[in-house]
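Asks: Below you will find the structure I want to go over with you.
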Amino acid sequence: MDYYNRRLKVMNFSGFFEEISGTIEALAEAEDMGKIIVYTPPEKGHELEICGYAEEGIIRGYYAGKDCHIFSSYPINSRGVSSNKEKEDQVIKNCLRKGKGTEKILQKSGDSRKKGSWKLQKEKIRLPEKYTLRPAVQADASAMAALYSQGFHFYPTPLHMESYLLKTMDSDVLYLLVEKQGKIVSLASAEMDLETGSAEITDCLTISSERGKGLIKELITALEKELFERNFLISYTLCRASSPGINAAFASHGYAYTGRLVNNCRIEMGFEDMNIWCKMLK
């Protein structure tokens with residue numbers, strides 16, 4: 001139950017979906033949830049369609065190499081209507097045209113999801129002079145929270161809270177950041193699922209005065225290499241559908257556009273559509 005984003009997410013289920021769909025819909029109505037999201041392997045998709053759910057996208061290789069299909073239903077009808085579809089469609093058209101054929105081959109030099117290979121990767125990072133890229137540590141949490149507070153008035157997760165950042169750092173979230181003369185100017189993270197071998201690249205932000213310098217692209221490159229060295233199979237992202245810059249960054253790295261989640265979460269002024277981009281790392 002995601003009260004902040006007014007959505008109910010079903011990440012796994014057993015048996016026939018029809019047997020639980022009534023309970024899910026009743027719960028969503030009782031809690032005033034505007035959207036129901038269901039993650040399912042491909043062989044279960046027809047069960048969702050029978051119950052009136054529509055497929056919005058795919059995360060390729062999500063289940064240890066098997067695709068995950070994302071189906072949605074909208075108890076509040078207006079939640080299922082995108083207000084920026086034409087603009088967002090044009091963003092995708094531009095990204096696919098510019099990003100075509102840019103996928104790079106990753107070369108493996110390790111075989112562990114537990115231990116990274118950060119020292120081996122430093123020489124591969126290309127940043128402007130006076131900029132450095134490194135993993136975040138707990139001492140960075142306060143400055144990171146302040147940066148996220150300035151960059152996002154609303155966000156699906158409480159990145160503005162130092163306690164939240166410290167908690168996630170101690171779990172399976174890898175944060176990387178870019179500094180300029182000791183000040184954090186850009187950062188991003190990877191939420192790692194050790195069981196499935198998939199990782200979501202998320203929480204990407206560059207301060208306004210440093211945008212246009214390719215910092216997010218370098219962070220994505222560094223996160224990919226680190227995930228690959230830890231033996232992850234795929235990386236994916238859910239990024240703001242109306243933002244040309246972040247979509248272009250993933251397209252230029254060879255990610256495939258695989259769908260759009262309508263009014264998926266709260267960012268900035270309200271609910272926003274999120275584009276799905278996926279890349280096989282192996």
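The values are calculated or read from the model by the stated rules, or taken from the named source; none is laboratory data. These numbers were taken from a predicted model, which means no experiment stands behind them. Here the Cβ is made from the backbone with ideal geometry for all residues, glycine too, and neighbour counts use every protein chain on show. These accessible areas exclude ligands, DNA and RNA; they are computed on the full protein's heavy atoms, side chains included. Shrake-Rupley method; radii C 1.70, N 1.55, O 1.52, S 1.80 Å.
Asks: Considering only residues that are touching a residue at least 24 places away in the same chain (Cβ under 8 Å) and of a type in the set (D, E, K, R), look in the stretch 7-26 and name the one that is farthest from Tyr63 (Cα to Cα). Can you show your working first?
Replies: To start, the set of residues in the stretch 7-26 that are touching a residue at least 24 places away in the same chain (Cβ under 8 Å) comprises 7-13, 16-18, 21, 25.
Cutting the leftovers down to of a type in the set (D, E, K, R) gives us 7, 9, 18, 25.
On the way: Arg7: 22, Lys9: 17, Glu18: 22, Glu25: 25 Å.
So the residue we want is Glu25.
Asks: Do you know which residues across the stretch 169-182 are surrounded by fewer than 18 Cβ atoms within 10 Å (Cβ to Cβ) and either among the hydrophobic types (A, V, I, L, M, F, W, C) or without any contact (Cβ under 8 Å) to a residue 12 or more places away in the chain (or both)?
Replies: Going through the stretch 169-182, the residues surrounded by fewer than 18 Cβ atoms within 10 Å (Cβ to Cβ) turn out to be 170-172, 181-182.
Of everything in the stretch 169-182, those that are surrounded by fewer than 18 Cβ atoms within 10 Å (Cβ to Cβ) and either among the hydrophobic types (A, V, I, L, M, F, W, C) or without any contact (Cβ under 8 Å) to a residue 12 or more places away in the chain (or both) turn out to be Asp170, Ser171, Gly182.
Asks: Identify all residues within the stretch 181-201 that are at pLDDT below 95, of a type outside the set (S, T, N, Q) and under 23 Å from Thr132 (Cα atoms); write none if there are none.
Replies: Within the stretch 181-201, Gly182 is the sole residue that qualifies.
Asks: In this structure, does Ser163 turn out to be open to solvent by 20 Å² or more (accessible area, probe 1.4 Å), polar (S, T, N, Q) and modelled with pLDDT of 90 or more? Even if it seems obvious, please write down each step before you answer.
Replies: Values: open to solvent by 20 Å² or more (accessible area, probe 1.4 Å): yes; polar (S, T, N, Q): yes; modelled with pLDDT of 90 or more: yes.
For Ser163, the condition - open to solvent by 20 Å² or more (accessible area, probe 1.4 Å), polar (S, T, N, Q) and modelled with pLDDT of 90 or more - is met.
Asks: Could you give every pair whose Cβ atoms fall below 6 Å, whose first residue belongs to the stretch 184-197 and is in contact (Cβ under 8 Å) with a residue 60 or more places away in the chain, and whose second residue is among the basic types (Lys, Arg) and open to solvent by 20 Å² or more (accessible area, probe 1.4 Å), counting only separations of at least 6 or pairs across chains?
Replies: Leu194/Arg113
Asks: Restricting to the stretch 150-198, and then to whatever is assigned to a helix (DSSP H, G or I) and under 22 Å from Lys213 (Cβ atoms), can you tell me which residue is nearest to the chain's Cα centre (by Cα)?
Replies: Filtering the stretch 150-198 down to residues assigned to a helix (DSSP H, G or I) leaves 150-151, 162-169.
Among the residues that remain, those that are also under 22 Å from Lys213 (Cβ atoms) are: 150-151.
Details: Gln150: 20, Gly151: 17 Å.
Per the criteria, the residue is Gly151.
Asks: Of a type outside the set (A, V, I, L, M) and within 17 Å of Arg260 (Cβ to Cβ): is that true of Glu55 in this structure? Write out each step before concluding.
Replies: On the way: of a type outside the set (A, V, I, L, M): yes; within 17 Å of Arg260 (Cβ to Cβ): yes.
So Glu55 passes the test.
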